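First up is the structure itself, then whatever we jot down about it.
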Amino acid sequence: MIVEVDTTSPTPPYEQIRAQVARMIGAGVLPAETQLPPIRQLAADLGLAANTVARAYRELELEGLVTSRVRHGTTVVHPQRTLSGAEVNRALTDAARAYVTVARQLGVDGDVAAAAVRAELKRR
Amino acid sequence: MTCYIDQMLRVGLLGAVLLLGAGLVVFSVLGAIERGRVSRSRLRAFARRHRLTITVDNGNRVIRYLATTRRWRTTGLVAGLLGSVGWAWWQGGLQFTFLPLFAGWFVGALVAEVRLARTSFGTRRAASLESRSPSLYLPRTAWWLGPALAVASVAGAGYAWARTGVWEPTVWLLAGAAVVIAVVVNRVQARVVGRPQPAEAADVVAADDAIRSRSLHVLTGGGVTLVVYCVLGQLAAVAHLFGEAGSTMQGVVVVGSLIFPIMGWAMATAKWDVIRSTTEIESW
């Protein structure tokens, strides 16, 4: 599972991390008992300060999505509410719309845009 | 007296000039040889040790790693050689000893790992949510072997002092050196595990895992060997205080100084499969 951060985005990096991890937990992609990487590791991989990742984890803990224990790290707890199939589809459609908008603005035809998606899906 | 000092100065100055000249020649020759050349057989050996499939995307990463580590390790080896010969010259003789060469090589290996940790980030950054732990890259026992031996070295120095009542400064100096080596190696190892990992295709991540594992194996093999040399030095320093047992200790020192570098080399070149790196990629 991958998280992405755009440092030029007006959304603060900790919020970007929180939102992505929360979405993965909600969709069941990160099941209960999954261990999240240590704060230092994720911060180093993203080139961010450890405090930024720590804040994202803290917010997730406040939402009741993860639990942090000394020497055990941060683990996903069983979510009280998971995303329904319709909600997942809606989120996917929104993302697809945004992507198609960018593709159209770039003057790229459908086949090329779809190929780019396929290549990215294969890469990860 | 003045004449003697003049003569010593002249000999010392000549030695220094010769040493500097030899150093420049060796470094420039090594630089010419080492500039980014990695043989195919070396690449294959690396891939074999980690069951890594070299692909178009990960090949350059592995080559860059092999070239960087070899450049710094060779530089360290040459520095150790020059330092050793220079010191012997200064003392009025000429000799080659293994330990300074090996120590120089190892310092080069440490510097290479520190340099490899440098990363630049763009504005869009990605990271995997998979945890990395040392045991993914190295046997757990190997990770703690160096620190355990350093503790044993300090304990051994204390035991020798308590048993004989003789304060041997060399023994404590070597115990201190063992602790320093173990701590430095442990810190650099932690840095190797913690350095940023690219969130890229499986073959690139597999290559990155293999590189980390190889670095940790080399650091452990070299670090443990140096710590063992400190322990052997301690044994040699106190052997004369232990009567008959001292000759056995001398024997251990002689045999150990031959065997342990081989064991360290075996540890450094041991095969290791990073479990998540076993994804099959198109063959090379």
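The values are calculated or read from the model by the stated rules, or taken from the named source; none is laboratory data. All of these numbers come straight from a predicted model, not from anything done at the bench. Please note: Cβ atoms are built from the backbone with ideal geometry, for glycine as well, and neighbour counts cover all protein chains shown. Just so you know, the surface numbers come from the protein's heavy atoms only, side chains and all, with ligands and any DNA or RNA stripped out. Shrake-Rupley method; radii C 1.70, N 1.55, O 1.52, S 1.80 Å.
Note on chain A: Rg/Rh from C-alpha atoms, Kirkwood Rh, equals 1.02.
The charge dipole of chain A, taken about its Cα centre with unit charges on the Cβ atoms of Lys, Arg (+1), Asp and Glu (-1) only, comes to about 220 debye.
Per residue of A:116-123, other chain Cβ atoms within 10 Å of the residue Cβ number 1 on average.
As a rough guide to protection, the peptides B:263-272, B:143-152 ranked by mean Cβ packing within 10 Å, highest first, stand as B:143-152, B:263-272. If R0 is 35 Å, the Cβ-Cβ spacing of residue A:117 and residue B:270 corresponds to a FRET efficiency of close to 0.25. As a fraction of the 1.4 Å probe accessible area of chain A, surface on carbon and sulfur atoms comes out at 56 percent.
Helix A:50-62 and the longest principal axis of the Cα set of chain A meet at an angle near 80°. For the stretch B:88-112 versus the stretch A:32-110, the inter-centroid distance based on Cα atoms is 51 Å. Solvent-accessible surface of the stretch B:90-194, taken per residue with a 1.4 Å probe and all protein chains present: 56 Å². Build a GNM of chain A with springs between Cα atoms under 10 Å apart, and of A:45, A:109, A:94 the one that fluctuates most is A:109. Taking all C-alpha pairs of the stretch B:81-211, those more than 22 Å from each other amount to 58 percent. Just to be sure I understand the interface: list residues from the stretch A:37-53 that lose 30 Å² or more of accessible area between the chain on its own and the complete protein assembly, 1.4 Å probe. Relative to the lone chain, where solvent access is computed with a 1.4 Å probe, the stretch A:37-53 loses at least 30 Å² at A:37, A:41, A:44, A:45, A:46, A:47. Ranking of B:121, B:96 by solvent-accessible surface, largest first: B:96, B:121 (1.4 Å probe, protein heavy atoms only, all chains present). Computed over the stretch B:42-106, the percent of Cα pairs more than 17 Å apart is 55. Note on residue B:180/residue B:97: beta-carbon distance plugged into 1/(1 + (r/R0)^6) with R0 of 25 Å gives a FRET efficiency of 0.75. Counting only Cβ charges, +1 for Lys and Arg and -1 for Asp and Glu, the dipole size of the protein assembly as shown around its Cα centre is about 460 debye. Taken residue by residue and averaged, Cβ atoms of other chains lying within 10 Å of the Cβ of B:198-205 number 2.
Against the main long axis of the alpha-carbon atoms of chain A, helix A:110-123 sits at an angle near 30°.
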